[in-house]
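Inspection log for the structure reproduced underneath, given as structure tokens.
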Amino acid sequence: MSARTAYVGRFAPSPTGPLHAGSIVAALASWLDARAHHGRWLVRIEDIDKPREQPGAAESILDTLRQLGLVWDDSPSWQSQRLEAYGAALKSLVSRGMAYPCACTRSEIADSQQRSVATGASSQAVRGIERPYPGTCRNGLAPGRTARSWRFRLPDQAIVQFDDRWQGWQQQDVANEVGDFVLQRADGLFAYQLAVMVDDGAQGITDVIRGADLLGSTARQRLLGRALGLADLRYMHVPVVLAADGEKLSKQNGALAVDARHPVEVLDRAFGHLGFARSAESSLEGWLADATRRWAEFRSA
Ligand code: GLU
């Protein structure tokens, strides 16, 4: 690690429910990596999507982290208090031609994608993998149309490569696989991609450790980060915990809140998911110190 940049990590839960076995894995890996690097670890509550929020979830997440001894530095930040910063970032992108208004509805986008499948215009869409935004409003709104959302204008070179510390070398052709993506939605809410990059930048985050379900967002975030003048972050996407149905564990498929009255058991299970053997330590302090030492030895390169 460069001596110039002191390590700053973060855990950024959305308060859509209490912490469960899956989110604990991301929290633990991120905490351990920060401690192993003698860095700072911040907690950011990503509460900008009010309709998906569950009342009381943010407080419950913070309580559980405390009970597990995953103590954070500084006070937690709340995205709902940062709307001005997201608005300013969007404005700055617009003023530099890097964001544009879009009038398309979901069904219009789906229609034009189907047409491009029919004419064979997009091999990705034909394979049914991802359907990139077709760029309908890229060169201006059609007469009589009004802006609904704002999109990021991808740079000409939108192939992103990065070395993920868990998943290895990654490459995504963002133009082909995603297209110009949304920064502010038609309902006025700022998109996760914009808010997360503005905050990672403002908080001086150097290292993001999170679940592998977010691996596919990383290329978009890197392009956006560069457009906002931020230094590239390092990433590690840890394996997600799967539910019995093979889907990522979530509130929707019955993920239970963890029982933080038995912190060492909860932590041991999460650590096991990250490939580590059970710790012999039975006190919380002892367990965290032992896990930090083992993480530093095996994972903090
Ligand atoms: N808030 C996102 C989530 O809970 C995570 C964001 C991130 O770590 O970049 O899924």
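Can you name every residue in segment 192-240 that is assigned to a strand (DSSP E or B), near the ligand (Cβ under 10 Å from one of its atoms) and of a type outside the set (D, E, K, R)? Reasoning before the result, please.
Of segment 192-240, the ones assigned to a strand (DSSP E or B) are 207-211, 234-238.
Those left that are additionally near the ligand (Cβ under 10 Å from one of its atoms): 208-211, 235, 237.
Across segment 192-240, the qualifying residues are V208, I209, G211, Y235, H237.
Restricting attention to segment 277-301, which residues are within 24 Å of the chain's Cα centre (by Cα) and not hydrophobic (A, V, I, L, M, F, W, C)?
Across segment 277-301, the qualifying residues are T292, R299, S300.
How many residues are polar (S, T, N, Q), outside any loop (DSSP other than H, G, I, E, B) and modelled with pLDDT of 85 or more when one looks only at segment 108-159?
Number of matching residues: 1.
Please list, ordered by first then second residue, the pairs with beta carbon atoms under 8 Å, 6 or more apart or interchain, first in segment 254-274 and in a helix (DSSP H, G or I), second among the hydroxyl-bearing types (S, T, Y).
V264/S279; V264/S282; V264/S283; D268/S279; F271/S279
Looking at (1) in contact with a strand residue (DSSP E or B) (Cβ under 6 Å, 6 or more places away or on another chain); (2) modelled with pLDDT under 95, which is the one condition that is false for D73?
(2)
Say whether the condition of being farther than 15 Å from Y192 by Cβ, among the small types (G, A, S) and at pLDDT below 85 is met by at least one residue in segment 233-245. Give the derivation first.
Residues of segment 233-245 farther than 15 Å from Y192 by Cβ: 233-245.
Then drop every residue that is not among the small types (G, A, S), which leaves 243-244.
If we keep only those that are at pLDDT below 85 as well, we get 243-244.
Looking through segment 233-245, at least one residue is farther than 15 Å from Y192 by Cβ, among the small types (G, A, S) and at pLDDT below 85.
Which of the residues that make up segment 141-185 are in contact with a His (Cβ under 6 Å, 6 or more places away or on another chain) and of a type outside the set (D, E)? First the steps, then the outcome.
Step one: filter segment 141-185 for residues in contact with a His (Cβ under 6 Å, 6 or more places away or on another chain), giving 164, 166-167.
If the condition is that a residue be in contact with a His (Cβ under 6 Å, 6 or more places away or on another chain) and of a type outside the set (D, E), then W166, Q167 are the ones that fit.
The values are calculated or read from the model by the stated rules, or taken from the named source; none is laboratory data. What you are looking at is a predicted structure, and each value in this text was computed from that prediction instead of being measured. Cβ atoms come from the backbone with ideal geometry, glycine included; neighbour counts cover every protein chain shown.
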